[in-house]
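Just so it is clear, none of the values below were taken in a lab; they were calculated from the coordinates. Keep in mind it's a predicted model, so treat the numbers as computed, not measured. Note: ideal-geometry Cβ built from the backbone for every residue, glycine included; neighbour counts use all protein chains shown.
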Amino acid sequence: MILPIYIYGSHVLRERAREVDIEKEEGLQTLIEDMYQTMKHADGVGIAAPQVGKSLRIVIVDGEDLADDMPELKGFKRVMINPEITFESKETAEYSEGCLSVPNIHADVVRPRQIRVRYLNEKYEEVEEEFNGFGCRMVQHELDHLDGHLFTDRVSQIRKKILQSKLNKMAAGKVSTHYKIAQK
Ligand code: NI
């Protein structure tokens, strides 16, 4: 089922999402499937549960649609439950980012070039994995959502000033998307 996406200004995007108790959480596989469909429908390459209004520590990344330009992303798809960063490189990289919850805005963000993450996959197996390149970028962007951060928090001061009026309009509900958005 395609779910409405919560937009900049929504409270759920600013909360620290809670740990998933895989034994007790009901409908977890359905939520994961719905998140995936919602992401694909919106032409996204990543989504975090708070973006569909669920304050839970679950993210999905899928780079397949970018694989023509970035062959490293061929088959790069992960479901990550309760992800935890166990290493961040000091070396950084800058990439342009966008977000389904912050439509029609792109901006450069500096983040660690390499990270390691421990998480449960969709089969609830524990995995520890290292990420590099654009995949690393996608994962960090999504993990940020679980702690209430948006990429626009991380852009340069000057860029933020330029974006602020657009963001204010968005928070006031003035936004246009090709996908369904949630009413706050
Ligand atoms: Ni995002």
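If you filter segment 16-100 for trypsin sites (Lys or Arg not before Pro), then keep DSSP loop positions with at most 16 other Cβ within 10 Å, what is left?
Here the trypsin sites (Lys or Arg not before Pro) that fit, given the DSSP loop and packing criteria, are R16, K24, K74, K90.
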Amide H neighbours of H149 at under 5 Å, excluding residues fewer than 5 places away on the same chain, with H built from the backbone geometry, are none
Taking loop as defined by DSSP and a crowding limit of 14 other beta carbons within 10 Å, which chymotrypsin sites (Phe, Trp or Tyr not before Pro) in segment 84-184 fit? Y124
For segment 115-168 versus segment 45-90, the gap between their alpha-carbon centres in whole angstrom: 9 Å
What distance in nm lies between label points placed 7 Å from Cα along the C-beta direction at R159 and E129? 2.6 nm
For L3, the residues 5 or more places away or on another chain with a placed amide H closer than 5 Å to its own amide H are T38
Please state, to two decimals, what the Cα-based radius of gyration of segment 101-184 comes to when divided by 2.2 N^0.38 Å (N = residues). 1.32
By its C-alpha gyration tensor, with a ≥ b ≥ c as the square roots of the eigenvalues, how is segment 36-98 shaped: rounded for a/c under 1.5, else prolate for a/b larger than b/c, else oblate? oblate
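Once you keep just the Cα pairs under 8 angstrom separated by 6 or more residues, what percentage relative contact order results for the chain?
Numbers: 348 pairs, mean separation 49.7, N = 184.
Normalised by residue count, the contact order of the chain is 27 percent.
If R0 is 30 Å, what FRET efficiency do you get for E19 and S96 from their C-beta distance, rounded to 0.05? Don't skip to the answer; put the middle values down first.
Values: r = 31 Å, r/R0 = 1.04.
That gives a FRET efficiency of 0.45.
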Got a sec to turn the phi values of segment 64-77 into Karplus ³J(HN,Hα) couplings, 6.51 cos²θ - 1.76 cosθ + 1.60 with θ = phi - 60°, whole Hz, x for Gly and Pro? 3, 5, 9, 5, 5, 8, 10, x, 4, 8, 4, x, 7, 9
Computed on Cα atoms only, the convex hull of segment 63-131 has an orientation-averaged projected area in nm² of 5.7 nm²
Beyond 24 Å, what share of the Cα-Cα pairs of the chain remains, rounded to the nearest whole percent? 34 percent
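Given R₀ = 30 Å, FRET efficiency for N104-T30 by Cβ-Cβ distance, to 0.05?
Rounded to the nearest 0.05, the efficiency is 0.50.
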Determine the relative contact order of segment 81-130: mean sequence separation of Cα pairs under 8 Å and six or more apart, normalised by residue count, in whole percent. 41 percent
